[in-house]
Amino acid sequence: MSSKEGSGGFRKRKHDNFPHNQRREGKDVNSSSPVMLAFKSFQQELDARHDKYERLVKLSRDITVESKRTIFLLHRITSAPYMEEILTEAEIKLDGVRQKILQVAQELSGEDMHQFHRAITTGLQEYVEAVSFQHFIKTRSLISMDEINKQLIFSTEDNGKENKTPSSDAQDKQCGTWRLKITPVDYLLGVADLTGELMRMCINSVGNGDIDTPFEVSQFLRQVYDGFSFIGNTGPYEVSKKLYTLKQSLAKVENACYALKVRGSEIPKHMLADVFSVKTEMIDQEEGIS
(Lines give C-alpha, C1' and ligand atoms only; values in the text may rest on other atoms or scores of the structure.)
Protein backbone atom coordinates (compact mmCIF):
# COMPACT_ATOMS: atom_id res chain seq x y z
CA MET A 1 0.00 0.00 0.00
CA SER A 2 2.84 2.29 0.87
CA SER A 3 4.53 1.56 -2.43
CA LYS A 4 1.31 2.41 -4.30
CA GLU A 5 0.98 5.64 -2.41
CA GLY A 6 4.54 6.48 -3.20
CA SER A 7 4.08 5.87 -6.91
CA GLY A 8 0.52 7.21 -7.24
CA GLY A 9 0.75 10.22 -4.93
CA PHE A 10 1.99 13.72 -5.73
CA ARG A 11 5.50 13.62 -7.11
CA LYS A 12 8.04 16.04 -5.83
CA ARG A 13 9.66 18.37 -8.31
CA LYS A 14 13.38 18.02 -8.67
CA HIS A 15 14.18 21.43 -7.24
CA ASP A 16 12.09 20.66 -4.13
CA ASN A 17 14.92 18.41 -2.98
CA PHE A 18 17.14 21.47 -2.56
CA PRO A 19 16.91 23.78 0.42
CA HIS A 20 14.80 26.90 0.00
CA ASN A 21 17.69 29.32 0.43
CA GLN A 22 19.80 27.57 -2.22
CA ARG A 23 17.07 27.91 -4.85
CA ARG A 24 17.02 31.70 -4.52
CA GLU A 25 20.72 32.20 -4.92
CA GLY A 26 20.23 32.52 -8.73
CA LYS A 27 18.37 35.82 -8.27
CA ASP A 28 21.42 37.61 -6.97
CA VAL A 29 22.97 38.19 -10.39
CA ASN A 30 25.74 40.67 -10.90
CA SER A 31 24.24 43.35 -13.19
CA SER A 32 27.68 44.55 -14.22
CA SER A 33 28.81 41.21 -15.56
CA PRO A 34 29.76 41.07 -19.26
CA VAL A 35 26.88 38.72 -20.02
CA MET A 36 24.28 41.02 -18.47
CA LEU A 37 25.73 44.07 -20.20
CA ALA A 38 25.65 42.26 -23.53
CA PHE A 39 21.99 41.29 -23.09
CA LYS A 40 21.09 44.84 -22.07
CA SER A 41 22.62 46.10 -25.30
CA PHE A 42 20.64 43.47 -27.22
CA GLN A 43 17.47 44.67 -25.48
CA GLN A 44 18.13 48.29 -26.42
CA GLU A 45 18.87 47.35 -30.02
CA LEU A 46 15.68 45.28 -30.34
CA ASP A 47 13.55 48.00 -28.73
CA ALA A 48 14.96 50.61 -31.11
CA ARG A 49 14.31 48.33 -34.08
CA HIS A 50 10.73 47.63 -33.01
CA ASP A 51 10.06 51.34 -32.47
CA LYS A 52 11.44 52.10 -35.94
CA TYR A 53 9.23 49.38 -37.44
CA GLU A 54 6.12 50.86 -35.79
CA ARG A 55 6.97 54.35 -37.05
CA LEU A 56 7.35 52.97 -40.57
CA VAL A 57 3.97 51.20 -40.33
CA LYS A 58 2.29 54.48 -39.38
CA LEU A 59 4.01 56.33 -42.22
CA SER A 60 2.99 53.60 -44.67
CA ARG A 61 -0.61 53.92 -43.49
CA ASP A 62 -0.51 57.70 -44.10
CA ILE A 63 0.99 57.17 -47.56
CA THR A 64 -1.76 54.67 -48.41
CA VAL A 65 -4.55 57.02 -47.30
CA GLU A 66 -3.20 60.06 -49.18
CA SER A 67 -2.52 58.02 -52.32
CA LYS A 68 -6.09 56.69 -52.30
CA ARG A 69 -7.40 60.24 -51.98
CA THR A 70 -5.31 61.23 -54.97
CA ILE A 71 -6.77 58.35 -57.01
CA PHE A 72 -10.32 59.36 -56.04
CA LEU A 73 -9.53 62.91 -57.12
CA LEU A 74 -8.18 61.78 -60.49
CA HIS A 75 -11.39 59.84 -61.17
CA ARG A 76 -13.22 63.16 -61.23
CA ILE A 77 -11.48 64.03 -64.49
CA THR A 78 -14.02 62.02 -66.47
CA SER A 79 -16.84 64.34 -65.35
CA ALA A 80 -15.04 67.61 -64.52
CA PRO A 81 -14.83 70.32 -67.20
CA TYR A 82 -11.39 71.56 -66.15
CA MET A 83 -8.83 68.78 -66.38
CA GLU A 84 -5.75 70.88 -65.63
CA GLU A 85 -7.07 72.05 -62.27
CA ILE A 86 -7.58 68.47 -61.10
CA LEU A 87 -4.13 67.44 -62.31
CA THR A 88 -2.58 70.39 -60.47
CA GLU A 89 -4.43 69.51 -57.27
CA ALA A 90 -3.39 65.86 -57.65
CA GLU A 91 0.26 66.91 -58.05
CA ILE A 92 0.03 68.91 -54.81
CA LYS A 93 -1.37 65.84 -53.02
CA LEU A 94 1.40 63.66 -54.43
CA ASP A 95 4.00 66.16 -53.20
CA GLY A 96 2.54 65.68 -49.72
CA VAL A 97 2.84 61.92 -50.15
CA ARG A 98 6.49 62.33 -51.15
CA GLN A 99 7.11 64.25 -47.93
CA LYS A 100 5.92 61.16 -46.07
CA ILE A 101 8.19 59.00 -48.21
CA LEU A 102 11.04 61.37 -47.32
CA GLN A 103 10.47 60.53 -43.66
CA VAL A 104 10.57 56.84 -44.56
CA ALA A 105 13.87 57.37 -46.39
CA GLN A 106 15.29 59.14 -43.33
CA GLU A 107 14.22 56.29 -41.07
CA LEU A 108 15.80 53.73 -43.41
CA SER A 109 19.03 55.64 -43.96
CA GLY A 110 21.86 53.41 -42.81
CA GLU A 111 19.52 50.42 -42.46
CA ASP A 112 18.86 47.39 -44.60
CA MET A 113 15.60 48.25 -46.37
CA HIS A 114 14.63 44.60 -46.79
CA GLN A 115 14.44 44.14 -43.02
CA PHE A 116 11.65 46.74 -42.89
CA HIS A 117 10.15 46.15 -46.32
CA ARG A 118 6.98 44.50 -45.02
CA ALA A 119 6.19 47.62 -42.98
CA ILE A 120 6.22 49.97 -46.01
CA THR A 121 5.30 47.79 -49.00
CA THR A 122 1.55 48.58 -48.84
CA GLY A 123 2.13 52.32 -48.94
CA LEU A 124 4.68 52.10 -51.74
CA GLN A 125 2.34 49.99 -53.89
CA GLU A 126 -0.46 52.51 -53.42
CA TYR A 127 1.89 55.37 -54.30
CA VAL A 128 2.97 53.59 -57.49
CA GLU A 129 -0.68 53.11 -58.38
CA ALA A 130 -1.46 56.81 -57.86
CA VAL A 131 1.58 58.07 -59.78
CA SER A 132 1.07 55.68 -62.68
CA PHE A 133 -2.62 56.62 -62.85
CA GLN A 134 -1.75 60.31 -63.06
CA HIS A 135 0.92 59.60 -65.68
CA PHE A 136 -1.51 57.58 -67.80
CA ILE A 137 -4.09 60.38 -67.76
CA LYS A 138 -1.45 62.84 -68.94
CA THR A 139 0.40 60.76 -71.53
CA ARG A 140 -1.65 57.57 -72.12
CA SER A 141 1.47 55.56 -71.32
CA LEU A 142 2.98 53.64 -68.41
CA ILE A 143 5.50 55.34 -66.16
CA SER A 144 8.75 53.42 -65.68
CA MET A 145 10.25 52.38 -62.38
CA ASP A 146 13.30 54.58 -63.01
CA GLU A 147 11.09 57.63 -63.43
CA ILE A 148 9.37 56.90 -60.14
CA ASN A 149 12.69 56.45 -58.35
CA LYS A 150 13.97 59.76 -59.72
CA GLN A 151 11.06 61.48 -58.00
CA LEU A 152 12.09 59.90 -54.70
CA ILE A 153 15.51 61.56 -54.44
CA PHE A 154 15.32 64.29 -51.80
CA SER A 155 17.77 67.03 -50.85
CA THR A 156 17.93 69.26 -47.77
CA GLU A 157 15.78 71.86 -49.55
CA ASP A 158 12.92 69.36 -49.80
CA ASN A 159 12.64 68.83 -46.06
CA GLY A 160 10.25 71.63 -45.13
CA LYS A 161 8.05 71.44 -42.07
CA GLU A 162 7.19 67.81 -42.64
CA ASN A 163 10.76 66.73 -42.00
CA LYS A 164 11.45 65.14 -38.62
CA THR A 165 14.91 64.89 -37.16
CA PRO A 166 16.22 61.37 -37.83
CA SER A 167 18.13 59.31 -35.33
CA SER A 168 21.90 59.47 -35.15
CA ASP A 169 22.45 56.16 -37.01
CA ALA A 170 19.87 57.18 -39.62
CA GLN A 171 21.68 60.44 -40.38
CA ASP A 172 22.74 60.62 -44.00
CA LYS A 173 26.12 62.22 -44.44
CA GLN A 174 26.23 62.27 -48.21
CA CYS A 175 25.56 65.95 -49.04
CA GLY A 176 22.26 65.92 -47.13
CA THR A 177 20.38 63.76 -49.64
CA TRP A 178 17.99 60.92 -49.04
CA ARG A 179 16.55 58.44 -51.49
CA LEU A 180 14.15 55.55 -51.47
CA LYS A 181 14.07 53.01 -54.26
CA ILE A 182 10.88 51.25 -55.28
CA THR A 183 11.52 47.52 -55.54
CA PRO A 184 10.48 45.68 -58.72
CA VAL A 185 7.86 43.71 -56.79
CA ASP A 186 6.25 46.89 -55.41
CA TYR A 187 6.27 48.39 -58.89
CA LEU A 188 4.61 45.36 -60.48
CA LEU A 189 1.97 45.10 -57.77
CA GLY A 190 1.21 48.81 -58.07
CA VAL A 191 0.83 48.53 -61.85
CA ALA A 192 -1.43 45.50 -61.40
CA ASP A 193 -3.68 47.53 -59.09
CA LEU A 194 -3.68 50.33 -61.67
CA THR A 195 -5.62 48.14 -64.09
CA GLY A 196 -8.63 48.15 -61.77
CA GLU A 197 -8.64 51.95 -61.66
CA LEU A 198 -8.39 52.12 -65.45
CA MET A 199 -11.37 49.80 -65.74
CA ARG A 200 -13.43 52.16 -63.55
CA MET A 201 -12.20 55.13 -65.55
CA CYS A 202 -13.32 53.39 -68.75
CA ILE A 203 -16.87 52.78 -67.50
CA ASN A 204 -17.19 56.32 -66.08
CA SER A 205 -15.95 57.90 -69.31
CA VAL A 206 -18.54 56.01 -71.35
CA GLY A 207 -21.28 57.32 -69.09
CA ASN A 208 -20.12 60.87 -69.87
CA GLY A 209 -20.16 60.30 -73.63
CA ASP A 210 -16.42 59.74 -74.10
CA ILE A 211 -16.18 56.99 -76.71
CA ASP A 212 -12.42 57.14 -77.37
CA THR A 213 -11.14 56.46 -73.84
CA PRO A 214 -12.41 52.85 -73.61
CA PHE A 215 -10.52 51.82 -76.75
CA GLU A 216 -7.34 53.56 -75.52
CA VAL A 217 -7.64 51.86 -72.13
CA SER A 218 -8.34 48.50 -73.77
CA GLN A 219 -5.22 48.72 -75.94
CA PHE A 220 -3.12 49.72 -72.94
CA LEU A 221 -4.47 46.93 -70.73
CA ARG A 222 -3.72 44.34 -73.42
CA GLN A 223 -0.09 45.44 -73.46
CA VAL A 224 0.10 45.31 -69.65
CA TYR A 225 -1.52 41.87 -69.61
CA ASP A 226 0.94 40.60 -72.22
CA GLY A 227 3.81 41.86 -70.08
CA PHE A 228 2.50 40.12 -66.97
CA SER A 229 1.87 36.95 -68.97
CA PHE A 230 5.58 36.72 -69.73
CA ILE A 231 6.25 36.68 -65.98
CA GLY A 232 3.61 34.01 -65.30
CA ASN A 233 4.36 31.75 -62.35
CA THR A 234 8.08 32.47 -62.43
CA GLY A 235 7.67 35.75 -60.54
CA PRO A 236 6.72 36.35 -56.89
CA TYR A 237 3.54 34.79 -55.57
CA GLU A 238 1.82 38.16 -55.17
CA VAL A 239 2.39 39.03 -58.84
CA SER A 240 0.87 35.78 -60.12
CA LYS A 241 -2.07 36.27 -57.76
CA LYS A 242 -2.76 39.74 -59.24
CA LEU A 243 -2.76 38.32 -62.77
CA TYR A 244 -6.28 36.93 -62.36
CA THR A 245 -7.65 40.34 -61.26
CA LEU A 246 -5.89 41.98 -64.20
CA LYS A 247 -7.55 39.52 -66.58
CA GLN A 248 -10.95 40.36 -65.09
CA SER A 249 -10.41 44.09 -65.60
CA LEU A 250 -9.32 43.52 -69.20
CA ALA A 251 -12.42 41.39 -69.90
CA LYS A 252 -14.73 44.10 -68.57
CA VAL A 253 -13.06 46.80 -70.69
CA GLU A 254 -13.14 44.63 -73.81
CA ASN A 255 -16.80 43.90 -73.17
CA ALA A 256 -17.48 47.64 -73.04
CA CYS A 257 -15.57 48.22 -76.29
CA TYR A 258 -17.49 45.39 -77.94
CA ALA A 259 -20.81 46.92 -76.93
CA LEU A 260 -19.69 50.33 -78.19
CA LYS A 261 -18.57 48.94 -81.52
CA VAL A 262 -21.55 46.70 -82.18
CA ARG A 263 -24.43 48.42 -80.41
CA GLY A 264 -23.09 51.90 -79.85
CA SER A 265 -25.43 53.44 -82.41
CA GLU A 266 -28.46 51.67 -80.93
CA ILE A 267 -28.00 52.73 -77.29
CA PRO A 268 -28.29 56.40 -76.27
CA LYS A 269 -25.14 57.81 -74.68
CA HIS A 270 -26.81 58.53 -71.35
CA MET A 271 -27.77 54.84 -71.06
CA LEU A 272 -24.40 53.31 -71.95
CA ALA A 273 -23.07 53.41 -68.40
CA ASP A 274 -26.15 51.57 -67.08
CA VAL A 275 -25.84 48.90 -69.77
CA PHE A 276 -22.14 48.33 -68.95
CA SER A 277 -22.76 48.22 -65.20
CA VAL A 278 -25.38 45.50 -65.70
CA LYS A 279 -23.05 43.49 -67.93
CA THR A 280 -20.22 43.90 -65.42
CA GLU A 281 -22.44 42.49 -62.65
CA MET A 282 -23.35 39.56 -64.89
CA ILE A 283 -19.66 38.83 -65.54
CA ASP A 284 -18.89 38.97 -61.82
CA GLN A 285 -21.74 36.55 -61.04
CA GLU A 286 -20.59 34.08 -63.71
CA GLU A 287 -17.03 34.18 -62.41
CA GLY A 288 -18.28 33.69 -58.87
CA ILE A 289 -20.36 30.67 -59.90
CA SER A 290 -17.53 29.13 -61.87
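Here are the numbers for the structure shown:
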| quantity | calculated |
| --- | --- |
| Matching residues, the stretch 173-193, being more than 12 Å from the chain's Cα centre (by Cα) and open to solvent by less than 40 Å² (accessible area, probe 1.4 Å) | GLY176, TRP178, LEU180 |
| Residues satisfying the stated conditions in the stretch 215-230, i.e. open to solvent by 40 Å² or more (accessible area, probe 1.4 Å), over 14 Å from GLY196 (Cβ atoms) and touching a helix residue (DSSP H, G or I) at 6+ places or on another chain (Cβ under 6 Å) | PHE215 |
| Near pairs, Cβ below 6 angstrom, 6+ apart or cross-chain, from the stretch 204-223 (without any contact (Cβ under 8 Å) to a residue 24 or more places away in the chain and assigned to a helix (DSSP H, G or I)) to any residue that is open to solvent by less than 20 Å² (accessible area, probe 1.4 Å) and of a type in the set (A, V, I, L, M) | none |
| Check on TYR127, open to solvent by less than 40 Å² (accessible area, probe 1.4 Å), aromatic (Phe, Trp, Tyr), closer than 19 Å to MET201 by Cβ and out of contact with any His (no Cβ under 7 Å at 6 or more places or on another chain) | yes |
| Qualifying residues in the stretch 35-62 (those that are of a type in the set (Gly, Ala, Ser) and at pLDDT below 95) - the one least open to solvent (accessible area, probe 1.4 Å) | ALA38 |
| Filter pass, ALA259 being within 29 Å of the chain's Cα centre (by Cα) and either farther than 22 Å from GLU126 by Cα or not in a helix (DSSP H, G or I) (or both) | no |
| Check on ILE71, hydrophobic (A, V, I, L, M, F, W, C), in contact (Cβ under 8 Å) with a residue 40 or more places away in the chain and in the same structural domain as ARG118 (by the TED database) | yes |
| Criterion: in contact with a Leu (Cβ under 6 Å, 6 or more places away or on another chain) and closer than 30 Å to ASN204 by Cα - qualifying residue of ALA90, ALA80 | ALA90 |
| Among (1) over 17 Å from LEU189 (Cβ atoms); (2) in contact with a helix residue (DSSP H, G or I) (Cβ under 6 Å, 6 or more places away or on another chain); (3) open to solvent by 70 Å² or more (accessible area, probe 1.4 Å), the one test that THR122 misses | (1) |
| Residue check, SER277 within 23 Å of ILE137 (Cα to Cα), modelled with pLDDT under 75, among the hydroxyl-bearing types (Ser, Thr, Tyr) and open to solvent by 40 Å² or more (accessible area, probe 1.4 Å) | yes |
| Among (1) at pLDDT 85 or above; (2) more than 13 Å from ASP186 (Cβ to Cβ) - the single one ASP158 does not satisfy | (1) |
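The values are calculated or read from the model by the stated rules, or taken from the named source; none is laboratory data. Computed from a prediction, not measured in an experiment: that's the story for all the values here. For neighbour counting, all protein chains shown are included, and Cβ atoms are generated from backbone atoms with ideal geometry for every residue, glycine included. Side chains included, ligands, DNA and RNA excluded: accessible areas come from the protein's heavy atoms. Shrake-Rupley method; radii C 1.70, N 1.55, O 1.52, S 1.80 Å.
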